[in-house]
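As structure tokens, the structure follows; a few thoughts come after it.
Just so it is clear, none of the values below were taken in a lab; they were calculated from the coordinates. Remember, it's a predicted structure, so these values are computed and weren't measured experimentally. Reconstructed Cβ throughout: ideal geometry from the backbone, glycine too, with neighbour counts over all protein chains shown.
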Ligand code: GUN
Ligand code: ZN
């Protein structure tokens, strides 16, 4: 098929001051999809002459853009999002751990996995890096559901053997064995990749972190995900549990879980030495903007990390984060940087949420752009999806301005269509969305407000 519309994607680093050579834009473009992959891209008239027997799907004035990549979120927190009144450590104990305990049930895990993926996809996210619960049932449910949709999923079971309720604890040995079994079952199967997932230093004993390092050594192609320096109280508690280390990152470094496949969520309150370790190891600092605002965690030092050539990621961190929409998270990232006297350029933002995150995963030959041979993971964006945007767009004169409107005034309602590996997944007709939402959430009418 050929998708017709305004096509836009990044071909190079969009983080430069003047990122004009970093993207391609076709005002009336044609994107050729064959099976799962992108096979050609160009001006529509040239494309249709070359592929005259192909079906054309006309997306009119909408922007055809690579699907968003969410580099850090928590699948067992679908019911935790929007929990009132606390900061990180209290929030975990009061809301998050009790909910995650429910994922011992295979049925509950399956139900929630279905909802979680629908929420990601209807928000235009086509690749997700997700924490599961401590239970292998939750990992199986998430990978199974992602496989059905042929979606790129990077996930793992949290390893946690202390400082949480008894019914959420594994042991160093069981966490090693369960993780290894899940790696054998899911890593590199379909579009799935396994992430070795010690939750954070507070909930892992030194024995468990050491075994996490052994898992990494024995499975070098797996990703690693954890949390780092999110909140001041968390850092203080962490260093009291690990008094013989130089700083928070040193704990992970000495235990062998910091390398160029490590995704370190939050990474807010960092020392100069920690920033140097990021540079040397090529680990990725993953920004979680709506979460950092919601939990009052702190202001991500974007300019400093970017200037130091630290690899960067951006994510929703649902349910600490308050929106599944990467557009809403880009908006929050912009506002956070306003407090730090750094005006985040919209090209930087849209690059970050697609090709930038793909590069941070080392998957830029599979996802994040419309490079020929990559998966046809696509989002179709409508910049006129609500009255405020519609009026503001009347005076927009450039693509930068339009992207900024999408990010500031858009959200779930901006997503008109999503394709995953070439399959049309979702078309935002009102009736279809009502049906989808009511089927998934049969009781609670307030969810329809999302429309
Ligand atoms: N640190 C350890 N676990 C979590 C979690 O679930 N969410 C956030 N935001 N931070 C964490
Ligand atoms: Zn998190």
| query | For the Cα atoms of the chain, what angle does the longest principal axis make with the long axis of helix 172-186, in degrees from 0 to 90, nearest 10? | reply | 20
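With 10 angstrom as the radius, rank 326, 1 by how many other C-beta atoms surround their C-beta, starting from the fewest.
Working: 326 30, 1 16.
Starting with the residue having the fewest Cβ neighbours, the order is 1, 326.
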| Can you give the angle from 0 to 90° between the axis of helix 232-241 and the longest principal axis of the chain, with both taken from C-alpha atoms, to the nearest 10? | 40
| request: Note down the nm distance, to one decimal, between modelled labels 7 Å out along Cα→Cβ at residue 115 and at residue 307. | output: 4.4
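Could you sort 285-291, 114-120 so that the peptide with the highest average Cβ count within 10 Å comes first and the rest follow in order? Don't skip to the end; give the middle numbers.
On the way: 285-291: 27.7, 114-120: 21.4.
The most tightly packed comes first, giving 285-291, 114-120.
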| query | Beyond 31 Å, what percent of the Cα pairs of the chain remain? | reply | 37
| request: Using just the helices of the chain, give the 222 nm mean residue ellipticity in deg cm²/dmol: DSSP H runs with n ≥ 4 each add -39,500 (n - 2.57), and the total is spread over all residues, rounded to 500. | output: -10500 deg cm²/dmol
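Counting other beta carbons within 10 Å of each Cβ, put 43, 377 in order, fewest first. The partial results should precede the final answer.
Working: 43 14, 377 33.
By the 10 Å Cβ count, ascending, the order reads 43, 377.
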| remark: In nanometres, the difference between 0.36 nm per residue of separation and the alpha-carbon distance of residue 276 and residue 386 is 35.2 nm
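Report relative contact order for region 94-160 in percent, whole number only (criteria: Cα-Cα under 8 Å, sequence separation at least 6). Working shown, then result.
Working: 77 pairs, mean separation 24.0, N = 67.
This gives 36 percent for region 94-160.
Shape call for region 259-298 from the C-alpha gyration tensor, a ≥ b ≥ c root eigenvalues: rounded (a/c under 1.5), prolate (a/b greater than b/c) or oblate?
Details: a/c = 4.48, a/b = 1.77, b/c = 2.54.
Since a/c reaches 1.5 but b/c is at least a/b, the shape of region 259-298 is classed as oblate.
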| message | If you average the alpha carbon positions of region 272-300 and of region 221-256, how far apart do those two centres end up, in angstrom? | response | 12
| message | Compute the helix-to-body angle for 272-281: its Cα long axis versus the longest principal axis of the chain, expressed 0 to 90° and rounded to tens. | response | 70
| message | Below 8 Å, C-alpha to C-alpha, sequence gap of six or more: please give me the relative contact order for the chain in percent. | response | 18
| field | Förster-model FRET efficiency, 30 Å R0, residue 52 and residue 12, C-beta, rounded to 0.05 | value | 0.40
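Quick one: which of 259-266, 197-204 comes out on top by average Cβ neighbours within 10 Å, and what's the full order, highest first? If you can, show how the numbers build up before the last one.
Numbers: 259-266: 23.0, 197-204: 25.5.
In descending order of packing, they fall as 197-204, 259-266.
Can you sort 302, 270, 169 by how many other beta carbons sit within 10 Å, fewest first?
Ranked by crowding around the Cβ, least crowded first: 169, 302, 270.
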| query | So what is the diffusion coefficient of region 341-384 in µm² per second by Stokes-Einstein at 20 °C and 1.002 mPa s, using a Kirkwood Rh over Cα pairs? | reply | 185
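Could you order the peptides 22-28, 366-372, 173-179, 70-76 from most to least packed, using the average number of other C-beta atoms within 10 Å per residue? Before the final figure, lay out the partial values.
Details: 22-28: 15.6, 366-372: 21.9, 173-179: 18.9, 70-76: 28.1.
For the peptides 22-28, 366-372, 173-179, 70-76, the packing ranking is 70-76, 366-372, 173-179, 22-28.
If the chain between residue 148 and residue 60 were fully stretched, how many nm would it gain, using 0.36 nm times the residue separation less the Cα-Cα distance? Walk me through the numbers on the way to the answer.
On the way: separation 88, 0.36 × 88 = 31.68 nm, distance 2.97 nm.
Taking residue 148 through residue 60 to full extension adds about 28.7 nm, to one decimal.
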